[in-house]
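Structure first, then comments.
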Amino acid sequence: MNNGDKRRVNGEAEEDDEEEEGNEDLEAWERAYADERSWEALQEDESGLLRPIDNNTLYHAQYRRRIRSLSSLATTARIQKGLIRYLCIVVDLSKAAAEMDYRPSRMVVVAKHVEAFIREFFDQNPLSQLALVTIKDGVAHCLTDLGGSPESHVKALMGKLECSGESSLQNALDLVHGYLNQIPSYGHREVLILYSALSTCDPGDIMETIQKCKKSKIRCSVIGLSAEIFICKHLCQETGGSYSVALDEGHFKELILEHAPPPPAIAEFAIANLIKMGFPQRAAESSIAICSCHKEAKVGGGYTCPRCKARVCELPMECRICGLTLISSPHLARSYHHLFPIVPFDEVSTSLLNDPHNRLPRSCFGCQQSLLNPGNKPSLRVACPKCKQHFCLDCDIYIHESLHNCPGCESFRHSKAAIASEE
């Protein structure tokens with residue numbers, strides 16, 4: 001072997017050593033993610049063969065569990081729900097949020113799912129308002145005031161993603177109590193705390209703060225990212241909220257989305273009230289007026305308050321001049337479906353699917369897509385308990401989360417009305 005070959009072999013050996021040293025420098029969890037752990041994406045079927053995990057089926061199973069839990073609460077008793085909600089989201093940005101047990105860090109995972117939650121919250125609660133609060137260096141900071149614009153909340157959160165210092169649960173509760181204590185009696189006061197730390201560094205007696213929140217009818221819920229903490233559990237028990245600890249990122253997403261639908265109203269706080277609301281007209285595109293939200297002149301767009309004629313940028317919101325709640329009729333209609341939700345569809349059993357004597361529909365009633373797998377084998381499907389029409393899994397989710405009306409029941413109702421008109 002000549003000198004050139006020796007140098008080439010030595011060079012290759014040095015590169016291999018460097019790669020091994022680079023892998024040794026990685027933490028255990030980093031090596032696990034670097035290796036991709038592709039075997040975890042496989043599962044064993046009934047015949048003993050390995051096949052990829054069907055993520056759509058898993059997602060649909062999680063969704064049906066959430067729908068069933070919500071429907072069981074609604075059917076066991078006559079529950080009044082709060083349609084006008086005032087929610088403060090408290091995000092823990094202490095040094096514990098920089099931990100990397102969630103990939104790439106707790107802070108990034110929380111920010112991503114808070115953004116999705118904010119959009120889902122306003123989609124399901126168009127008459128509600130939301131505020132963002134962060135905990136950093138033992139101090140609670142208000143990122144955004146109570147408002148109905150998802151874009152402004154998301155923009156403010158993404159611009160302040162920095163972790164430092166300790167977390168203070170008491171300072172956060174004092175801050176949100178000052179905001180929510182001024183809410184009118186018809187508004188439902190809620191706090192959702194996304195807590196990463198395992199301790200709280202408080203300046204006083206947090207038990208007094210918890211009793212103050214309970215007296216003000218503020219429902220506090222906590223989602224932990226590390227482990228169960230006594231003070232968080234005590235806070236939720238005293239105020240009527242829920243306490244959960246996320247196992248992983250998928251579980252955290254499921255837990256936070258459970259807070260999007262309106263919760264049952266607190267018994268002492270469920271009082272019927274008549275609320276004055278205004279339905280403003282949209283201003284002409286060529287008009288020029290000073291916006292009461294941003295205190296500056298704007299050309300076109302916006303809405304005019306029917307009481308004081310002030311200009312506002314978006315709906316729903318409270319007029320800054322006269323205090324009238326301004327909404328549009330679609331917002332009111334979208335809030336109505338929570339009072340009369342669609343019952344969960346029934347899963348069609350495998351015995352019926354495999355029975356050759358049963359003539360089942362071959363296509364989904366909603367999207368008209370085929371319900372047969374390759375080989376003309378029937379796939380998983382659901383059926384409406386009222387109209388008995390069959391739907392695919394995607395239509396099941398779309399009907400319950402977005403449409404809020406069963407196409408089969410609506411078509412049956414329209415056909416009955418047409419027959420009655422002909423007679």
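Summary of values
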item: Residues of the range 363-382 that turn out to be surrounded by fewer than 18 Cβ atoms within 10 Å (Cβ to Cβ), basic (Lys, Arg) and closer than 12 Å to CYS395 by Cα, as a count; result: 0
item: Some residue of the range 172-180 being in a loop (DSSP other than H, G, I, E, B) and either farther than 24 Å from THR325 by Cβ or open to solvent by less than 30 Å² (accessible area, probe 1.4 Å) (or both); result: no
item: Candidate set: the range 304-321, residues that are farther than 19 Å from LEU130 by Cα and either modelled with pLDDT under 90 or among the polar types (S, T, N, Q) (or both); chosen: the one surrounded by the fewest Cβ atoms within 10 Å (Cβ to Cβ); result: LYS309
item: Filtered residues of the range 182-198 (kept if more than 29 Å from SER226 (Cβ to Cβ) and open to solvent by 30 Å² or more (accessible area, probe 1.4 Å)); result: GLN182, PRO184, SER185, TYR186
item: Residue tally, condition charged (D, E, K, R) and buried (at least 20 other Cβ atoms within 10 Å of the Cβ), over the range 100-148; result: 2
item: Residues that are surrounded by fewer than 19 Cβ atoms within 10 Å (Cβ to Cβ) and part of a loop (DSSP other than H, G, I, E, B), drawn from the range 241-258; result: SER242, LEU247, ASP248, GLU258
item: Subset tally (residues that are under 17 Å from GLY147 (Cβ atoms) and touching a Pro at 6+ places or on another chain (Cβ under 8 Å)) for the range 82-120; result: 3
item: Every residue from the range 150-171 that is open to solvent by 20 Å² or more (accessible area, probe 1.4 Å) and not in a helix (DSSP H, G or I); result: GLY159, LYS160, LEU161, GLU162, CYS163, SER164, GLY165, GLU166
item: Hits in the range 276-310 - residues which are more than 16 Å from HIS331 (Cα to Cα), of a type in the set (S, T, N, Q) and under 32 Å from the mean Cα position of the chain (by Cα); result: SER292, THR304
item: Total residues in the range 280-301, condition assigned to a loop (DSSP other than H, G, I, E, B), open to solvent by less than 70 Å² (accessible area, probe 1.4 Å), touching a strand residue (DSSP E or B) at 6+ places or on another chain (Cβ under 9 Å) and over 27 Å from TYR186 (Cα atoms); result: 4
item: Residue count for the range 253-285, restricted to those that are small (Gly, Ala, Ser) and at pLDDT 75 or above; result: 4
item: Qualifying positions in the range 355-382 - hydrophobic (A, V, I, L, M, F, W, C) and part of a loop (DSSP other than H, G, I, E, B); result: LEU360, CYS364, PHE365, CYS367, LEU371, LEU380
item: Filter result for the condition that a residue is modelled with pLDDT under 85, in contact with a helix residue (DSSP H, G or I) (Cβ under 8 Å, 6 or more places away or on another chain) and in the same structural domain as HIS404 (by the TED database), over LEU352, LEU360, LEU372; result: LEU360
item: Filter result for LYS233 (surrounded by 14 or more Cβ atoms within 10 Å (Cβ to Cβ) and on the phi > 0 side of the Ramachandran plot); result: no
item: Filtered residues of the range 303-341 (kept if free of Cβ contacts under 8 Å to residues at least 24 places away in the same chain, more than 17 Å from ILE290 (Cβ to Cβ) and either touching a Cys at 6+ places or on another chain (Cβ under 6 Å) or part of a helix (DSSP H, G or I) (or both)); result: ALA333, TYR336
item: Selected residue (criterion: farthest from the chain's Cα centre (by Cα)) from residues of the range 216-240 that are more than 18 Å from GLY82 (Cβ to Cβ) and without any contact (Cβ under 8 Å) to a residue 24 or more places away in the chain; result: PHE230
item: Index of the failed condition, GLY408 passing every other in (1) farther than 21 Å from ASP123 by Cβ; (2) in a loop (DSSP other than H, G, I, E, B); (3) open to solvent by less than 40 Å² (accessible area, probe 1.4 Å); result: (2)
item: Checklist (1) over 27 Å from GLN124 (Cα atoms); (2) open to solvent by less than 70 Å² (accessible area, probe 1.4 Å); (3) free of Cβ contacts under 8 Å to residues at least 12 places away in the same chain applied to VAL348, failing item; result: (3)
item: Sole exception among (1) under 26 Å from ARG119 (Cα atoms); (2) outside the structural domain of LYS112 (by the TED database) for ALA289, by number; result: (1)
item: Some residue of the range 206-219 being buried (at least 16 other Cβ atoms within 10 Å of the Cβ), under 18 Å from SER128 (Cβ atoms) and in contact with a Gly (Cβ under 6 Å, 6 or more places away or on another chain); result: yes
item: Only listed residue being β-branched (Val, Ile, Thr) and assigned to a loop (DSSP other than H, G, I, E, B), chosen from ILE183, ILE193, ILE135; result: ILE183
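The values are calculated or read from the model by the stated rules, or taken from the named source; none is laboratory data. Note that this is a predicted model, so its numbers are computed, not measured. When we count neighbours, we look across all protein chains shown, and the Cβ atoms used for this are built from the backbone with ideal geometry, even at glycine. Ligands, DNA and RNA are excluded from the accessible area calculation, which covers all protein heavy atoms including side chains. Shrake-Rupley method; radii C 1.70, N 1.55, O 1.52, S 1.80 Å.
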